[in-house]
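Following: one structure in structure tokens, then a few remarks.
Computed from the coordinates by the stated procedures, all read-outs in this text should not be read as laboratory data. If you're wondering where the values come from, they're calculated on a predicted model, not measured in any experiment. With ideal geometry, Cβ positions are generated from the backbone for all residues, glycine too; neighbour counts draw on all protein chains shown.
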């Protein structure tokens, strides 16, 4: 399969983006540099193209009942124009994907899924819809998405719209408004650990919107931001990345995101396994660690305790805001407690590490 | 792209500055730009024997782990300790302050195998590989 281009591909080239393939898409890993872009998002603002994400519309009388069955969070707890983060699990508790659900009305929900999982999720949703009065529409090809993230995101956005976006609460959305004269759906959400907004728009208007936001952000230090810093930003905030901290063989309880598994709702895929893990504790857990010796842990490196492998690094990197070499690892549960020491095997050497509290980074204020 | 004329180059994007039977080795401006922000350099111990084409150091950027291959055989005499605390020097000054090791040559004839600046520039023009 040849890699696909988002509607902003030419724009990325124009802004000096260094293009890489990610999840079947050609996207910029960086423009000016990962560290500089990371800093801009933490201190000012950054603009991301996230058009590779998939979108599915779920509509019908049984939309709520269907979603309650396929995802782990309590969709019934949402009101109109609320957004919710949720894992979606297999009956064995393994994770199909993690996604955002937007409630447009009682019978209409907009799902945002991971790019690399679009086909798999689409199949899974269709298979599970048997017997439910729902209509599923894959809107991935006709939806572009931009993310404006950082402490100055609100200030910048206010210059582009008449709507008082400062009143929009975290994880709420506006189904339709004009930004720079273009119709978008806007939510106060993101994947960076900062305040920010995500815009869903028509693909043929994405480049115009990008330019308008970049222009408005100029006086505030807004930078175009690539996948590289998107990963370091979400990693510092310990937000899971599918394929790393979550997968078909890693449950949300093991990943430490059990608060998005609502056991007090009706039956759902994976409930029995997840309930057992929540009650008795999972056998493996995602632990956050800092390397106390010299080196950088990377995904896939073994985690060692007294000569025995007790787990595997799921994400590891230099953390630009913390200025430390940290990681997330799936380890046997008894080694996941804060203060626990173990070693990470880096090129044959055992480098000492210590478990620390997650998230590694927490924004001040809200 | 900065390619100083007085240096020799390997196809793996290392540069070599010759001083008698000692050579200073680092990575080229092209290599540091491809890597992006360097955040870690793993240095060999002085005294380590290195052989041409074998990895002797590792340079890591935020996203990438890259082996540095010995452009010549010999013994590591000195390593640039400054890179331990300030690996970004490799980006800022790849040909001067960002040097990685000094190697004592085992065989001076090996220097003839290296590229001059013109040949290295051609290599980059052909696509860098």
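Extending 7 Å from Cα along the Cβ direction at residue A:334 and again at residue B:82 yields two label points whose distance is 5.0 nm. Treating r as the C-beta distance of residue B:121 and residue B:93 and R0 as 22 Å, the FRET efficiency rounds to 0.65. Quick one: if the Förster radius is 30 Å, what FRET efficiency do residue A:364 and residue A:159 give, using the C-beta to C-beta distance and rounding to 0.05? Taking R0 as 30 Å, the efficiency between residue A:364 and residue A:159 is 0.80.
Between residue B:18 and residue A:3, the simple label model (points 7 Å from Cα in the Cβ direction) yields a spacing of 4.0 nm. Taking square-rooted eigenvalues a ≥ b ≥ c of the alpha carbon gyration tensor, is the range A:284-357 rounded, prolate or oblate, where a/c under 1.5 means rounded and, failing that, a/b exceeding b/c means prolate? Judged from the Cα gyration tensor, the range A:284-357 comes out oblate (a/c at least 1.5, b/c at or above a/b).
How much length is gained if the chain between residue B:75 and residue B:5 is pulled fully straight, taking 0.36 nm per residue apart and subtracting their Cα-Cα distance, in nm to one decimal?
Values: separation 70, 0.36 × 70 = 25.20 nm, distance 2.55 nm.
Between residue B:75 and residue B:5, full extension yields an extra 22.7 nm.
Assuming a ≥ b ≥ c are the square roots of the Cα gyration tensor eigenvalues, decide whether the protein assembly as shown counts as rounded (a/c under 1.5), prolate (otherwise, with a/b larger than b/c) or oblate. Cα axes put the protein assembly as shown in the prolate bin.
Which of rounded, prolate, oblate describes chain B, given a ≥ b ≥ c as roots of the alpha-carbon gyration tensor eigenvalues and a/c under 1.5 marking rounded, otherwise prolate only if a/b is larger than b/c? The shape class here is oblate. Across the range A:54-141, the mean sequence separation of Cα contacts (distance under 8 Å, 6 or more residues apart), normalised by length, yields a relative contact order of 43 percent.
Rounded to the nearest 5, the antiparallel percentage of DSSP beta bridges internal to the protein assembly as shown is 95%.
Counted over the range A:262-366, the DSSP beta bridges are approximately 100% antiparallel. Note on the range A:56-71 and the range B:95-115: Cα centroid distance 65 Å, given to the nearest whole angstrom.
Under the criterion of Cα pairs below 8 Å and six or more residues apart, the relative contact order for the range A:284-357 equals 40 percent. A helix-only calculation puts chain A at -6000 deg cm²/dmol for mean residue ellipticity at 222 nm, using -39500 (n - 2.57) for each DSSP H run of at least four residues, averaged over all residues. Note on chain B: helix-only mean residue ellipticity at 222 nm, from DSSP H runs of 4+ residues weighted -39500 (n - 2.57) and normalised by residue number, equals -4000 deg cm²/dmol.
Comparing A:130, A:212, A:65 in a Gaussian network model of chain A, where Cα atoms under 10 Å apart are tied by springs, the biggest mean-square fluctuation is seen for A:130.
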